[in-house]
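> Handing you a structure now.
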Amino acid sequence: MADLAAHGATFAKAVSSFGPEAPAILCHDDADGLSAGAILARAFERADRGPAHVRVIGRGESAWSTAIRDELAPLAPGGIVVTDLGVQAGAILPGVPTILVDHHVPRSMPGKAEAAVISGHADTPIPTSSLLAYACASSLGGADDLAWLAGIGLVGDLGERGASADFPDVMAPIKKTHTAKALREVVSLVNAPRRSASGDAGPALRLLLRAAGPADILSAADPDAEALHAARAEVKAALDAARAVAPLFAGSVALIRADSPCQIHPLVAQSWTHRLRRQVVIGANAGFRSGYVHFAARSATVPDLIAFLQERAPELGADDQFAQGHRRATGGQVRVETWNRFVSGLGFGPEALVS
């Protein structure tokens, strides 16, 4: 079982090495990552270590990039927490104490001088980054009123049923105060901006940072709330069009192609797994970023999709990201030429290639 208290204790020990300056928090742009970032920011402020600088890492960005390093350096943070962005070797900002809070399969492991790692990927069941962040927040002081944010992340990554089945002790108290319907609705809204053409998750983060519960987000009537609703309508229209596209088949793989500026490929893949239960379903989007194909793999029956993809991996270039994420929810972003080698190797014909 996941030992959340142990993860929290590890975090508290690592935070003790932070300097007196306000920390920086880097988080992913989905419901789990945004909730994790909001939880940690609130916890630091309550512990008189804030206000933290929260930076959402969006499409095409990497927390380990030179661009992010140059952006953080003038802030001179007392420490850095990176959450829901993966685990890999390398310093985010050399010389600054760093903690990685994550639940994905590590790409590589950092040295002790580079970062402390709080990872749930080897736990059973695997906690989301927001649940790990909640454990971390609890180690700094009272955080019971932030549990609903962990619930948003859990529902975002696992679905309401999966979250309740895997973490009943966490979800049961949350659902006594906040309905399952409200949690699902907030997840839908919070995830919408990152999937829209703009990809700007800032409005979602701001709402999560100030809301006392799901009801505050659902009842909000301000520019941030309007942005979430507009993004959701945009994504729905793109998804409806993509769902009308017939799958292509090659052996045990079903492929659904899309050409949209919206990040709909994970939703497309997931929507087909209920009908194509024997296949690994890949949703691919050649319109999301110029020169690249972004794809998501899902399956109702294959338990380790990362291994499935790695066994069929093409030769990768330096800019390709392949078989990342979770064993049950993985994918990547690869150059067009890499994609064409990949699908050809799977057995697809010219109809799967991107020009």
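> Picking from D102, D157, which residue would you name as being within 14 Å of L26 (Cβ to Cβ), touching an Asp or Glu at 6+ places or on another chain (Cβ under 9 Å) and acidic (D, E)?
D102
> Let me ask something else about it. I'm trying to understand the selection: among the residues of the range 2-26, which are of a type in the set (A, V, I, L, M, F, W, C), under 30 Å from E185 (Cβ atoms) and touching a residue at least 60 places away in the same chain (Cβ under 8 Å)? Even if it seems obvious, please write down each step before you answer.
Restricting attention to the range 2-26, the residues satisfying the condition of being of a type in the set (A, V, I, L, M, F, W, C) are 2, 4-6, 9, 11-12, 14-15, 18, 22, 24-26.
With the extra rule that they be under 30 Å from E185 (Cβ atoms), the set shrinks to 2, 4, 25-26.
Passing the criteria: A2, L4, L26.
> If R257 passes every condition in (1) touching a strand residue (DSSP E or B) at 6+ places or on another chain (Cβ under 7 Å); (2) open to solvent by less than 50 Å² (accessible area, probe 1.4 Å) but one, which one does it miss?
(2)
> Could you tell me which numbered condition R277 fails, if it satisfies all but one of (1) closer than 24 Å to S119 by Cβ; (2) open to solvent by 60 Å² or more (accessible area, probe 1.4 Å)?
(1)
> Which condition does V186 not pass, out of (1) open to solvent by less than 20 Å² (accessible area, probe 1.4 Å); (2) under 19 Å from P125 (Cβ atoms); (3) in contact with a Pro (Cβ under 6 Å, 6 or more places away or on another chain), if it passes all the others?
Result: V186 fails condition (2) only.
> Tell me the strands (runs of 3 or more DSSP E) entirely within the range 5-100 that contain at least 3 residues that are of a type in the set (A, V, I, L, M, F, W, C) and open to solvent by 20 Å² or more (accessible area, probe 1.4 Å).
Working: elements: 24-28, 53-57, 80-83.
Per the criteria, no element qualifies.
> Looking at A220, A163, A225, which is the one that is over 19 Å from L146 (Cβ atoms) and without any contact (Cβ under 8 Å) to a residue 60 or more places away in the chain?
Being over 19 Å from L146 (Cβ atoms) and without any contact (Cβ under 8 Å) to a residue 60 or more places away in the chain holds for just one of A220, A163, A225, which is A225.
> Search the range 169-195 for residues being among the polar types (S, T, N, Q) and in a helix (DSSP H, G or I), and hand back the single one that is nearest to A41 (Cα to Cα).
N191
> Tell me yes or no: at least one residue of the range 196-205 is open to solvent by 40 Å² or more (accessible area, probe 1.4 Å), part of a helix (DSSP H, G or I) and out of contact with any strand residue (DSSP E or B) (no Cβ under 8 Å at 6 or more places or on another chain).
no
> Now a separate question. Could you please let me know if V235 is among the β-branched types (V, I, T), out of contact with any Gly (no Cβ under 7 Å at 6 or more places or on another chain) and either assigned to a loop (DSSP other than H, G, I, E, B) or open to solvent by 30 Å² or more (accessible area, probe 1.4 Å) (or both)?
no
> Something else about it: Filter the range 61-87 down to residues that are touching a Phe, Trp or Tyr at 6+ places or on another chain (Cβ under 7 Å) and under 16 Å from S108 (Cβ atoms), then give me how many there are. I'd like the intermediate steps shown before the answer.
Just the residues of the range 61-87 that are touching a Phe, Trp or Tyr at 6+ places or on another chain (Cβ under 7 Å), to begin with: 78-79.
From what's left, under 16 Å from S108 (Cβ atoms): none.
Residues meeting the conditions: 0.
> For the range 299-351, which positions are buried (at least 16 other Cβ atoms within 10 Å of the Cβ), more than 26 Å from R277 (Cβ to Cβ) and either in contact with a His (Cβ under 6 Å, 6 or more places away or on another chain) or among the aliphatic types (A, V, I, L, M) (or both)?
The answer is L316, Q333, V334.
> Which one is nearest to G162 (Cα to Cα) among residues in the range 282-307 that are under 20 Å from the mean Cα position of the chain (by Cα) and β-branched (V, I, T)?
I306
> Consider the range 111-168. How many of its residues are touching a helix residue (DSSP H, G or I) at 6+ places or on another chain (Cβ under 9 Å), open to solvent by 30 Å² or more (accessible area, probe 1.4 Å), hydrophobic (A, V, I, L, M, F, W, C) and not in a helix (DSSP H, G or I)?
Number of matching residues: 3.
The values are calculated or read from the model by the stated rules, or taken from the named source; none is laboratory data. Values in this document were obtained by computation on a predicted structure and should not be read as measured data. Heads up, the Cβs are rebuilt from the backbone with ideal geometry, glycines too, and the neighbour counts pull from every protein chain shown. In case anyone asks, the SASA skips ligands and DNA or RNA and just uses the protein heavy atoms, side chains included. Shrake-Rupley method; radii C 1.70, N 1.55, O 1.52, S 1.80 Å.
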